[in-house]
1. Averaged across the residues of A:108-114, what count of C-beta atoms belonging to other chains lies within 10 Å of each residue's C-beta?
2. Averaged across C:72-83, how many Cβ atoms of other chains sit within 10 Å of each residue's Cβ atom?
3. Cα gyration tensor of the protein assembly as shown, axes a ≥ b ≥ c as square roots of the eigenvalues: rounded (a/c below 1.5), prolate (a/b > b/c) or oblate?
4. For the pairs B:115/C:60; C:58/C:79; B:58/C:45, flag any whose C-alpha to C-alpha distance is greater than 20 Å.
5. State, as an integer percentage, the relative contact order of chain A based on alpha-carbon contacts under 8 Å between residues 6 or more apart.
6. How large is the charge dipole for the range A:1-84, taken about the Cα centre, if only the Cβ atoms of Lys, Arg (+1) and Asp, Glu (-1) carry charge, to the nearest 20 debye?
7. Quick one: B:60, A:99, fewest Cβ neighbours within 10 Å first, how do they rank?
8. Expressed as a whole number of Å, what is the distance separating the alpha-carbon centroids of the range A:75-115 and the range B:21-54?
Amino acid sequence: MTIQRYNPQKILCDATEYNGIVYTAGQVATDLSQDVRGQTEQVLKAIDEVLAQAGTAKSKILSASIWLSDIRNREHMNKVWLAWVDPDNLPARATVEAKLADPRMLVEIAVICAK
Amino acid sequence: MTIQRYNPQKILCDATEYNGIVYTAGQVATDLSQDVRGQTEQVLKAIDEVLAQAGTAKSKILSASIWLSDIRNREHMNKVWLAWVDPDNLPARATVEAKLADPRMLVEIAVICAK
Amino acid sequence: MTIQRYNPQKILCDATEYNGIVYTAGQVATDLSQDVRGQTEQVLKAIDEVLAQAGTAKSKILSASIWLSDIRNREHMNKVWLAWVDPDNLPARATVEAKLADPRMLVEIAVICAK
C-alpha cells in the first residue's frame with residue numbers, strides 16, 4: 001500500500017491517504033478579516049475541496065477535531081457546522097479552545113475521513 | 001466497507017467505526033458539579049459504554065486525547081485514569097490544557113480504539 | 001490482528017500499532033532547560049526512535065499534532081521541523097497552542113504513521 005499526499009507545501013501537505021483513510025491538515029480560513037461564521041464557512045469549504053481531491057466527501061468523515069480561539073464562539077461555529085454536516089452521516093467530534101497560528105484565526109478544523 | 005455511527009445526535013455522533021477502528025467523540029461529564037476526579041470517572045464510564053456499544057473495550061484503545069481545563073489537575077485525573085486503564089494494554093496518550101465547551105467542564109477525553 | 005504496544009510505562013505507552021498504523025503518544029523533551037528549538041529537536045529525535053522501534057520512519061508519517069506552550073514559538077519550531085521532515089513525504093499537520101504537563105515544556109508532538 002502506498003501513501004498519497006495532497007497539495008504538498010513547504011512544511012506539510014493538505015491531506016494524506018493510506019489504506020482507505022484520509023487525514024487532513026488543520027484547515028484555517030484564508031480571509032482572516034471574516035468573523036467566526038465566515039471563517040468556519042471557509043474552513044469547511046477547504047475541507048470539502050481537499051476531500052474531493054482525495055476522492056471522498058463529508059458524508060464519510062469519521063472524526064473531526066475543532067479548535068476555536070475563543071470557546072465562546074462555539075454556538076456560532078456550530079450553526080455553520082450544522083448547515084454543512086450530513087445529518088444522516090454525523091462524525092465523532094471534539095471541540096476545544098486553543099490559540100491558533102495567527103491571532104486573527106478564529107477556527108481550525110482537521111478531519112479523519114474514510115474513502 | 002461501511003461506516004457505523006453510534007448515538008447520532010444533532011451535530012455529531014458518539015463514535016464512528018470503519019475498518020476495525022472506532023473513533024469516539026470527545027466525552028465529557030454529565031454532572032458538572034463534580035470535581036476533576038468525579039468528572040474523569042464519568043468520562044471514562046462514558047467511554048466504556050460507547051466502546052461496549054461498538055463491540056470493543058478499553059483494552060484495545062490505541063490512542064487517547066485528553067484535555068484538561070487546568071493542566072494542574074493532571075495528577076488528579078491520572079489517579080482515576082490509572083485505576084481504570086488496563087495495565088497490560090496501555091494506550092498511547094497526549095494530555096494538554098484547553099478550555100472546554102462549558103466553563104464547568106474540567107476534562108474531556110476522546111479515544112481511537114481497535115475492535 | 002494484534003495490537004503492538006511499545007515502551008509501556010505506568011500510565012501509557014510510547015506507541016501502539018494496529019493494522020499497519022502506528023499511533024505515538026505525545027512526545028516531549030527530557031531536557032527541559034533547552035529553548036523551543038532544542039526541545040523540538042529532542043521531541044523529533046524521540047519520534048524517530050519510537051518509529052524506528054515500530055519498524056517505520058518519518059517518511060511514512062500521515063498526520064502530526066503539535067502543541068506549543070506559546071504559539072509565538074511557531075517559527076522557531078518550524079525551522080527545526082523543516083530541517084527534519086522528509087520534503088518528499090510531507091505529512092498533514094495541525095499546530096495549536098496549549099499549556100503542557102510541565103510549565104517548562106514548550107512543545108509536544110504526536111504522530112500517526114503508516115508502516
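1. Details: counts 3, 1, 6, 1, 9, 2, 7.
Taking the mean over all residues of the peptide, I get 4.
2. 1
3. rounded
4. With Cα atoms farther than 20 Å apart: B:115/C:60; B:58/C:45.
5. Numbers: 218 pairs, mean separation 40.2, N = 115.
With pairs under 8 Å counted, the relative contact order is 35 percent.
6. Rounded to the nearest 20 debye, it is 160 debye.
7. Lowest to highest Cβ neighbour count: A:99, B:60.
8. 21 Å
Quick note: the coordinates plus some simple rules give every number you see, no bench work behind them. All values derive from a computational prediction rather than experimental measurement. So basically every Cβ, Gly included, is an ideal-geometry build from the backbone, and we count neighbours across all protein chains shown.
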